[in-house]
Every structure is written in structure tokens, then in C-alpha cells.
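Asker: Quick one: structure below, then a few questions.
The values are calculated or read from the model by the stated rules, or taken from the named source; none is laboratory data. What you see is a predicted model, and the numbers here were worked out from it, not measured in a lab. Glycine gets a Cβ as well: all are built from the backbone with ideal geometry, and neighbour counts include every protein chain shown. Side chains are part of the model used for accessible areas, which takes the heavy atoms of the whole protein and leaves out ligands, DNA and RNA. Shrake-Rupley method; radii C 1.70, N 1.55, O 1.52, S 1.80 Å.
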Amino acid sequence: MMLRVVLSDSFPGEGNTATMALHNHGEVVLLLGAPGAGKGTQARFLAEALGVPHVASGDLLRVNHQRGTPLGRAAQEYMDRGDLVPDALVVDMIVDRLDEPDATRGALLDGFPRTVPQAKALEKRLMQRGGGRIRRAIYVDVPTDVLVERLAGRWLCRTCQATYHETFNPPEVAGFCDRCDGELYQRSDDQREVVANRVAVYLRDTLPVVERYARAGVLQRVDGNQSITEVKTALLNAIAEDEAVPA
Ligand code: ADP
Ligand code: ADP
Ligand code: ZN
């Protein structure tokens, strides 16, 4: 058995719910989906259920930018246009992150891999680190027209990167994070013109990654066009069902 399910009542309103912990060294779960699909919103919860860190390539790039690192500076022009940052930069950043001690048991990857070369580099790295592999790729599926509304109303915390929506998921106090009281801001790449490019880039470069994992038999599709709570429940069921498959 690769995974252990702990039955608990600890998720409010969900009754007797299964959580899954990754125990095998280096196993990763991928959270795939278009920009605005709800990956970041769900990832915090899912990472907790899995007992592994949430590793979001976009968050790491934005932190690099805030700190003015060479990587942050190199990535900025691509991010501003809604284009992908070159594979080599992003792969090195993620590999370094996966080498940190808290990720030795595995990680939940959000926003990576976004191209087939990134997927291949990740698979190679996991193999080299002895026994690592992609345990599951979860695809949060949302129709394209819904994405624009979600991104146009998105607000992020400068301090902890938590995500809100002015209509669908407002903070308790406008402009401030519920979790850490940090200041909320809107991403410049969430403007409609940039969003259109990001969605086009996603269809061209990232859908082939989704197809790759469907062919490999590790893809699980979740309907992301439901309320945040409903998606949460569907994701929890997806990782619990995962366990039902004999190892
Ligand atoms: P989204 O909300 O679209 O999922 P992210 O925060 O994941 O956005 O990414 C923001 C931007 O960071 C992307 O438009 C891209 O420029 C860059 N980026 C993030 N992850 C990757 C990646 N795996 N490969 C290349 N570029 C990336
Ligand atoms: P991603 O990380 O996939 O780009 P986010 O998690 O940042 O997406 O979500 C994009 C925006 O949509 C955010 O403003 C978020 O609050 C909102 N959102 C997320 N999930 C839902 C949902 N199920 N229904 C409505 N709005 C949502
Ligand atoms: Zn915060």
C-alpha cells in the first residue's frame, strides 16, 4: 500500500470523511487546471488533507519577483504578458523546492507542470530520487467563459498568497486577508486582455499535459464549475477513491 487513509470527522460539515496521507518518499500529486479553475483556492485544503506542502509555481515566481531575485526579474516580462516562463527556469525552481526537507514525503504541485517538457523533467527527477512518482493528477475542469469572471474578481493576499473573490468568496473585511490580516491586491495579469492570452496558452501548452496523464491512467477529473464547498467535497472524494484502488 502506498497510501494510508485516516477516517476522521475533522472536516466540518462533511461527516465521516477520508483523508489521505502520502508516505512514500517523493510521491507527488498534481493539481491541473486552467487559470482561474480554483487550483490555489483548493490546494491549501488538499495539501493539508494529504499531509504534504503546497508548492505553487506561480506563488514561488511572485515571491521571487517581490524579493527582486534574478529569477524574479527574468520571469517578470513573461508573466506580465501571460506567457509561460521558460521551462529551464521553472524546472530548476521546482526541483530546488522539492529538495527542501518538508517535501521529502511528497508535495502537492499547483500550476506545474504546464508543458510536456516540464512534465518529462519532473518525471525524470522523481525517478532519480529513488521511488518518487506521480501518484495522481487531478484535473479541475471549468468552462472557459467562467474563468474570465473568476480572474477579473480575484484578490490575493500579499503576505500569505491566500485567494479571494469579490463576489464568490469575499473576505470578511474588504481589502484584508481573513487568515493573516495582510493587504489584498489584484494581479496585473488578471486583466481581461492578459487573461485571454493565458487561456490560449493553457489550451495550447497545458492541455497536452492533461492528456499525457489521462493516457498514463493517473488522471482524475473533478467538476470545478460548482461552489467552492462542492469542489472541495469532490476533491476529497477523489483522493479517498484513489485509496480504494488496490495497490
Ligand atoms: P494561474 O492563476 O493562471 O493558475 P499562476 O499563478 O499559476 O496563474 O501563474 C502565473 C504566471 O506565472 C503564469 O501566467 C506564467 O507566466 C508563470 N508560471 C507559473 N507557473 C508556470 C509554469 N509551470 N511554467 C511556466 N510559467 C509559469
Ligand atoms: P487558480 O489557482 O486555478 O488560478 P484560484 O484558486 O486563484 O484559481 O481561483 C480563481 C478565482 O476564482 C479566485 O478569485 C477564487 O476566489 C475564485 N474561485 C475559486 N473557486 C471558485 C468556485 N468554485 N466558484 C466560484 N469562484 C471560485
Ligand atoms: Zn494572508
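Asker: Could you list, in sequence order, the residues of the stretch 62-93 that are aliphatic (A, V, I, L, M) and more than 23 Å from Asp190 (Cβ to Cβ)?
Answerer: If the condition is that a residue be aliphatic (A, V, I, L, M) and more than 23 Å from Asp190 (Cβ to Cβ), then Ala88, Val91 are the ones that fit.
Asker: Within the set of pairs 6+ apart or on separate chains, which have a first residue in the stretch 126-153 that is without any contact (Cβ under 8 Å) to a residue 24 or more places away in the chain, a second that is outside any helix (DSSP H, G or I), and C-beta atoms under 6 Å apart?
Answerer: From residues that are without any contact (Cβ under 8 Å) to a residue 24 or more places away in the chain, the pairs are Gly153/His165; Gly153/Glu166; Gly153/Thr167.
Asker: Would you confirm, using the coordinates I've provided, whether Leu122 is open to solvent by less than 20 Å² (accessible area, probe 1.4 Å), over 30 Å from Asp181 (Cβ atoms) and modelled with pLDDT under 95?
Answerer: The answer is no for Leu122.
Asker: Quick check on my filter: what residues within the stretch 188-201 are within 18 Å of the chain's Cα centre (by Cα) and in contact (Cβ under 8 Å) with a residue 40 or more places away in the chain?
Answerer: Asp189, Val195, Arg198, Val199, Val201
Asker: Let me ask something else. If a residue must be under 30 Å from Val116 (Cβ atoms) and either β-branched (Val, Ile, Thr) or at pLDDT 95 or above (or both), how many such residues does the stretch 164-188 contain?
Answerer: Here the count works out to 0.
Asker: Among the residues of the stretch 223-237, is any within 15 Å of ligand 2 (Cβ to nearest atom), within 23 Å of His65 (Cα to Cα) and under 17 Å from the mean Cα position of the chain (by Cα)?
Answerer: No, the stretch 223-237 has no match at all.
Asker: Within the stretch 154-178, which residues are free of Cβ contacts under 8 Å to residues at least 40 places away in the same chain, surrounded by fewer than 20 Cβ atoms within 10 Å (Cβ to Cβ) and hydrophobic (A, V, I, L, M, F, W, C)?
Answerer: Cys160, Val173, Ala174, Phe176
Asker: Working carefully through the options Arg204, Arg198, Arg187, Arg192, find the one that is over 16 Å from Gly36 (Cα atoms) and basic (Lys, Arg).
Answerer: Of the residues listed, the single one that is over 16 Å from Gly36 (Cα atoms) and basic (Lys, Arg) is Arg204.
Asker: State which residue pairs qualify: first residue charged (D, E, K, R) and inside the stretch 84-100, second residue surrounded by fewer than 17 Cβ atoms within 10 Å (Cβ to Cβ) in any location, beta carbons under 6 Å apart, and separation of 6 or more residues or different chains.
Answerer: Taking only residues 6 or more apart or on different chains, the pairs are Asp87/Pro117.
Asker: Which ones in the stretch 87-114 are within 20 Å of Pro35 (Cβ to Cβ), in a loop (DSSP other than H, G, I, E, B) and open to solvent by less than 50 Å² (accessible area, probe 1.4 Å)?
Answerer: The answer is Gly111, Phe112, Pro113.
Asker: Which count do you get for residues in the stretch 55-76 that are within 23 Å of Phe168 (Cα to Cα) and touching a strand residue (DSSP E or B) at 6+ places or on another chain (Cβ under 6 Å)?
Answerer: Qualifying residue count for the region: 1.
Asker: Mind checking which residues of the stretch 28-65 are assigned to a strand (DSSP E or B) and more than 16 Å from ligand 3 (Cβ to nearest atom)?
Answerer: Correct list: Val28, Val29, Leu30, Leu31, Leu32, Gly33, Val55.
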